[in-house]
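Student: Next up is a structure, given as structure tokens.
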Amino acid sequence: MRITTRMSVEEQHISAEIDLDWTFGQMCEDAPQDLQTVLALGYAALADSKEKIDLRAFLDPSPEAVIRRSEELALRASSHEDPIDFMKTQMIFHDLLYRTLQKHGERDGMTAVFNKVAFGQYLNDLMTDSKADFEANERRRAEDQGIPRNQEKEHVAVFMIDLDGFKVTNDYVGHAAGDAVLIEVANQLKKVVRGTDIVGRLGGDEFAVAVRVKDAESAQAIQEKIEKIFLNRFIKWNIEADLTQAGKTLDEIQDKGFEVNGSTIKIPVLGSVGMVIADLDKDAKAALEAVDSQMFAEKKRRKDAGLAPSR
């Protein structure tokens, strides 16, 4: 396994082209590419061509491990040609590793959008920033700096999406098919929003999106884009045996409303979308509770209108 990489952090540059030993290669073989890169940089920074180091020790956050690593780095620095440069390299590496692991700790392992905890934290930040911007504009207006009234405030729109008929996909087609549906929805949501917006999976088949908007009309336009994700969207799922992964026959699958063509099952991707404009005087928890109520009201409306499956 060979990694060639170059990264820049605060004008410090590290380059590495290295062959990874078997132990290290196994550890990061399945890791996300940017985590592999960071680990490879650390390996290059710590080891010379004759030394093998197992970097699993660097993933141990305990105080004892931190002290042990610090002592090891100090010992290495004392015999290095340029101790100060060596220690600087280590500091950069540890910063890279910490931030990379932190980022991956914020992500849902299946869909790569933010997990529930991280989404709540970033939503709080978004609401705090929006409120701070409004208050800053108010102060500038009080100082007669000519801030137009129509630019006085940005809102935070929060959307909650709950998939319709998802449980029956898991129960009859199988969890792998359900996972494919979740990944498809996450990918489509990421296409709808901007890079500065937040997409998260709150758990199960529930997603959330948070966006800064100028007004309710802008929020409504985004809701319409999200709802279009679920218009005539299907996943084609092939099975190689008479039974699905969930142990169901194709006849049983059809009885549940799935379209079956030969060994291919057509899985509809459906969802109900709720939206609220967050109250910036409250927190993310309050915003999520409010949008959750809106989403369930929309799900009931869709079922009553025959637009969402009752199964």
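Student: Spelling out what I want: for every residue of segment 276-286, take phi, set θ = phi - 60°, compute 6.51 cos²θ - 1.76 cosθ + 1.60 (Karplus), and round to whole Hz; glycine and proline get x.
Tutor: 9, 8, 5, 7, 6, 8, 10, 10, 4, 4, 5
Student: Something else: What's the magnitude of the charge dipole for segment 188-258 around its Cα centre, counting Lys and Arg as +1 and Asp and Glu as -1 at the beta-carbon? Answer in Debye, nearest 20.
Tutor: 520
Student: Based on the Cβ-Cβ distance of ILE183 and ILE277, what FRET efficiency does E = 1/(1 + (r/R0)^6) give at R0 = 25 Å, to the nearest 0.05?
Tutor: Calculated value: 0.25.
Student: Considering segment 271-311, what Rg and Dmax in Å follow from its alpha-carbon atoms?
Tutor: According to the Cα coordinates of segment 271-311, Rg and Dmax are 12.3, 39 Å.
Student: Going down the table (LYS228/LYS300; LYS225/LYS248; LYS116/LYS282; LYS236/LYS285; LYS167/LYS228; LYS190/LYS236), which pairs top 26 Å between alpha carbons?
Tutor: Those over the limit are LYS225/LYS248; LYS236/LYS285.
Student: Can you give the FRET efficiency to the nearest 0.05 for ASN238 and ASP215, using r as the Cβ-Cβ distance and R₀ = 45 Å?
Tutor: Efficiency for this residue pair is about 0.45.
Student: OK, next. If you take the square roots of the eigenvalues of the alpha-carbon gyration tensor of segment 173-245 and sort them as a ≥ b ≥ c, do you get rounded (a/c under 1.5), prolate (a/b over b/c) or oblate?
Tutor: It comes out prolate by the Cα gyration axes.
Student: Once you have the Cα-Cα distance between THR128 and GLU227, take 0.36 nm times their residue separation minus that, and quote the gain in nm to one decimal.
Tutor: Taking 0.36 nm per residue and subtracting the Cα distance, the gain is 32.9 nm.
Student: Starting from a Cα-only point model with no solvent, please compute log10 I(q)/I(0) by Debye for segment 223-311 at q = 0.23 1/Å.
Tutor: Log10 I(q)/I(0), no solvent term: -1.10.
Taken together, the values in this text are just the output of simple stated rules run on the coordinates, not laboratory data. Predicted, not measured: the structure shown is a model, and the values here were computed from it. We place every Cβ from the backbone using ideal geometry, glycine too, and count neighbours over all the protein chains shown.
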